[in-house]
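The structure under discussion appears below in the form of structure tokens.
Each reported figure results from applying straightforward, stated rules to the coordinates on display, with no laboratory input. Computed from a prediction, not measured in an experiment: that's the story for all the values here. All Cβ positions, glycine included, derive from the backbone under ideal geometry; neighbour counts span all protein chains shown.
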Amino acid sequence: MIRRRDAMADQRTRMSTTPALPVLDADNARFIGGGVSIIVSSRNAANAPELVRAHGCRVSRDRRRVCLFLQAGQAGLLLADIRKNGRIAVVFTRPTTHRSLQLKGDDAALARLRPHDAARVAGYRDAMVAELEGNGISEALTRALLAGGGDGLVAIEFTPVAAFVQTPGPDAGKPLGSTP
């Protein structure tokens, strides 16, 4: 009984931090949906972090929700953390410019894959090949880095409740929208 009450209180806390307006503007939504490196993290009850590379994302039309695509076999510990606490932090970085954005959420959960998500992941991989070629990284190496295992894709969806500029420089760490 206590465990259920704790879970219900935690769910109310998560819902109370959901912003009234979307955290992402149209430009940043396009940015995170393009050829950017995506690193997803969560933490366990002991605050030990778990990281995994995402293979693309989808932003909802109203820009209130973000869906990330992960390889199930690479993300086991992260998925376990998300199932337990719903906490997520994601960093999106364009390798050729180092432009970076971090999103945080507290309601992350497994989501159903949509029919066009596999094509979205393939398009993401192609965009990353083009992006990394600008840094002198071969197509073969990029495709190896982003190769999917035989275990299939999983999706995690969350509501961004905070966003930060993470581009190296004087504005790194500032909340999105607070820089001139």
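General remarks:
- Restriction of the trypsin sites (Lys or Arg not before Pro) in segment 72-169 to DSSP coil positions whose beta-carbon has at most 12 other beta-carbons within 10 angstrom yields Arg112.
- The HN-Hα couplings worked out from phi for segment 125-138 by the Karplus form 6.51 cos²θ - 1.76 cosθ + 1.60 (θ = phi - 60°) are 4, 4, 5, 5, 4, 5, 5, 6, 4, x, 9, x, 9, 5 Hz, whole numbers, x standing for Gly and Pro.
- Each residue of segment 105-118 was assigned a 3J(HN,Hα) from its phi angle through the Karplus expression (A = 6.51, B = -1.76, C = 1.60, θ = phi - 60°), giving x, 10, 10, 5, 7, 4, 10, 7, 6, 9, x, 9, 5, 4 Hz with x at Gly and Pro.
- Along principal axes, Cα extents of the chain, largest first, whole Å: 56, 45, 32
- Residue among Pro170, Pro49, Pro95 with the largest mean-square fluctuation in a Gaussian network model of the chain, springs linking Cα atoms under 10 Å: Pro170
- The charge dipole of segment 2-165, taken about its Cα centre with unit charges on the Cβ atoms of Lys, Arg (+1), Asp and Glu (-1) only, comes to about 600 debye.
- Fewest-first ranking of Ser42, Ser60, Ser138, using other Cβ atoms within 10 Å as the exposure measure: Ser138, Ser60, Ser42
- Relative contact order, percent, the chain [alpha-carbon distance under 8 Å, six or more residues apart]: 25 percent
- Set of segment 63-84 residues, backbone N closer than 19 Å to the point 7 Å along the Cα-Cβ line of Leu110: 66-84
- If R0 is 25 Å, the Cβ-Cβ spacing of Leu141 and Ala119 corresponds to a FRET efficiency of close to 0.60.
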